[in-house]
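To keep things clear, I will list the structure first and then write my remarks on it.
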Amino acid sequence: MKVILPVAGRGTRLRPHTHAKAKSLVRVAGKTVLEHIITRLEAIEVEEYIFIVDDNGTQIEDFMRKNFPALECTYIPQQEKLGPAHAVYLAAERIQPGDDVLVVFNDTIFITDLQQIDNLCRECDGLIYSREVEDYQRFGVNVVRDGHIVDMVEKPDTPISRLAQVGLYYLKDGIDFMTYLRQSIEAGEKEKGEFYLPAVFMRMIRAGRKLCAPSIEAWLDCGKPENLLETNRYLLRDNNKCKGEVVNSVIIEPVYIGPGAKICNSVIGPDVSVARGSVVEQAVISDSIINADSEVKNVVLRHSILGDAVHLVGAAQSMNIGDHSVLETRA
């Protein structure tokens, strides 16, 4: 199997955390988004990981070489930002006859059993992984009849379907998939100036290819700060670990404290991840992500995200407050 990972894109919705960092290298629950994804892909046999990168490609390459040195990786630059389908098609040169293909977009951490791919795809040509949602108006959805996808509707006004596409796709015949990608691009099937995968899949369906829409267990969005915090809360259920040093502090689980991190005279949690090398002193922190090598002192934080090497120091306060006083401090 070949895995295609389009990791280009500026990650504008995650700024300022993506000003100098690839969006897939933002951390959540103690790991980068990319590390969460690659770890889940280790459940299947992958011949080659094909990364579609932008000018942050060297960051991705350095990260993979350091953390997953045994994996066979290829890096292909996307010079023109022409959309997701265009990005995936750039991998065509690496796809050979007999290759099956898994496409994984990096805004989403998925939870599903990839070892079931063969069983799920026994009577079809591909899988468009999906998740049933209430707010179907925000997504592209799959319309399923008799077990196969018959239509795809972008942000429907009526509940024609609640099966949202989650950015995880499997195609049994990689060469065939690349052929339809090429045809869609050559036909100029753009939406708002970019090429998208639903147009490709609808070409395949009209040509008689059968696509199924298996549901995944969890779809964890990492595209915006509020989604990142929500995903952090979810993942900490299974990554509740303390690998650092805790001195005279209260830890309210779930909490992740990375190697080399130090917590002193503080209250941490619930739902807090503190990455490697960070120091937290005299602080109260909940529902937050503290990235690597940061220093946090004398503050109260909640619903917060701090990037790498942040220096955040507040001031201790002394108060003398009389009877019947009301003192409110609001964020």
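Listing for the model above:
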item	result
Qualifying residues in the range 260-274 (those that are modelled with pLDDT of 90 or more and assigned to a loop (DSSP other than H, G, I, E, B)) - the one nearest to N232 (Cα to Cα)	D271
Qualifying residues in the range 18-44 (those that are under 19 Å from Q115 (Cα atoms), free of Cβ contacts under 8 Å to residues at least 40 places away in the same chain and of a type in the set (V, I, T)) - the one surrounded by the most Cβ atoms within 10 Å (Cβ to Cβ)	I38
Residue among E80, E48 that is in contact (Cβ under 8 Å) with a residue 40 or more places away in the chain, touching a helix residue (DSSP H, G or I) at 6+ places or on another chain (Cβ under 9 Å) and among the acidic types (D, E)	E48
Residues located in the range 100-125, provided they are at pLDDT below 95, part of a strand (DSSP E or B) and of a type outside the set (V, I, T)	F110
Of all residues in the range 130-172 being closer than 20 Å to C222 by Cβ and among the small types (G, A, S), the one that is surrounded by the most Cβ atoms within 10 Å (Cβ to Cβ)	S130
When residues of the range 176-199 are limited to those that are in contact with a strand residue (DSSP E or B) (Cβ under 9 Å, 6 or more places away or on another chain) and hydrophobic (A, V, I, L, M, F, W, C), the one surrounded by the most Cβ atoms within 10 Å (Cβ to Cβ)	F177
Whichever residue in the range 45-99 is among the polar types (S, T, N, Q) and outside any loop (DSSP other than H, G, I, E, B) and, among such residues, is surrounded by the most Cβ atoms within 10 Å (Cβ to Cβ)	Q59
Qualifying positions in the range 200-212 - outside any strand (DSSP E or B) and surrounded by fewer than 22 Cβ atoms within 10 Å (Cβ to Cβ)	M202, R203, I205, R206, A207, G208, R209, K210
Neighbours by Cβ (under 8 Å, 6+ apart or cross-chain): first from the range 140-159, more than 10 Å from A213 (Cβ to Cβ); second basic (K, R)	G140/K155; K155/R138
Qualifying residue in the range 297-310 (condition: in contact with a Gly (Cβ under 9 Å, 6 or more places away or on another chain), touching a residue at least 12 places away in the same chain (Cβ under 8 Å), over 21 Å from K23 (Cα atoms) and part of a loop (DSSP other than H, G, I, E, B))	yes
Selection from the range 247-278 of residues that are within 19 Å of H311 (Cα to Cα), surrounded by fewer than 19 Cβ atoms within 10 Å (Cβ to Cβ) and in contact with a strand residue (DSSP E or B) (Cβ under 8 Å, 6 or more places away or on another chain)	K262, C264, N265, V267
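The values are calculated or read from the model by the stated rules, or taken from the named source; none is laboratory data. This is a predicted model, so every value here is computed, not measured. Every residue, glycine as well, gets a Cβ built from its backbone with ideal geometry; the counts of neighbours run over all protein chains shown.
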